[in-house]
Amino acid sequence: MNLALFDSDGTITDRDTFTQFILFATPKNKLLFGRLALLPITIKYKLGMAKGHQIRKKILRFAFRGMNENSLRAKGKIYAEQHLPNYLRPKAMQRIQWHKDRGDTVTIVSASLDIYLALGVKHMVLS
């Protein structure tokens, strides 16, 4: 038995699911204001003057400040069930199934949020 490691965004999925989840789960008025409020860090990121984890942290804090944890988890569940399946790469899913058929241990590694990833991609590929 072997260990097969797969990254989620860009390997299993055809896009950055973090951004898609933020757009899905954040109230629209907060998104509009957030684009303005986070413009300085966004520019720094685009210019290579800020790291990805720095901007992600600020985006998360801004987007979900004041949101009830149960509400956020509910949004994660909906996103995992209704949106993530649309982003899966068929060839990646076939390769994961190939590993599973061989008896390999398949593990998903990601910087994405487990609030949707644990329910979505992991469930689909590891069940």
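Can you tell me which residue is farthest from LYS57 (Cα to Cα) among those in segment 1-39 that are out of contact with any strand residue (DSSP E or B) (no Cβ under 6 Å at 6 or more places or on another chain), surrounded by 15 or more Cβ atoms within 10 Å (Cβ to Cβ) and small (Gly, Ala, Ser)?
Only one residue fits best here, namely ALA25.
Taking the criterion of being free of Cβ contacts under 8 Å to residues at least 60 places away in the same chain and closer than 29 Å to ALA92 by Cβ, would at least one residue in segment 29-44 satisfy it?
no
Of all residues in segment 1-30, how many are touching a helix residue (DSSP H, G or I) at 6+ places or on another chain (Cβ under 7 Å), in a helix (DSSP H, G or I) and polar (S, T, N, Q)?
So the answer is 1.
Here is a list: THR42, THR107. Which entry is closer than 23 Å to LEU3 by Cβ, in contact with a helix residue (DSSP H, G or I) (Cβ under 9 Å, 6 or more places away or on another chain), surrounded by fewer than 18 Cβ atoms within 10 Å (Cβ to Cβ) and β-branched (Val, Ile, Thr)?
From the options THR42, THR107, the qualifying one is THR107.
State the number of residues belonging to segment 68-79 that are within 13 Å of ILE22 (Cα to Cα) and not in a helix (DSSP H, G or I).
Total satisfying the criteria: 0.
Conditions: (1) closer than 17 Å to ILE115 by Cβ; (2) loosely packed, with under 13 Cβ neighbours inside 10 Å. ILE59 meets all but one. Number of the miss?
Of the numbered conditions (1) closer than 17 Å to ILE115 by Cβ; (2) loosely packed, with under 13 Cβ neighbours inside 10 Å, the odd one out for ILE59 is (2).
Quick note: the coordinates plus some simple rules give every number you see, no bench work behind them. Note that the structure is predicted; figures quoted are calculated from it, not measured. Quick reminder, even Gly has a Cβ in these numbers, built from the backbone with ideal geometry, and neighbours come from all protein chains shown.
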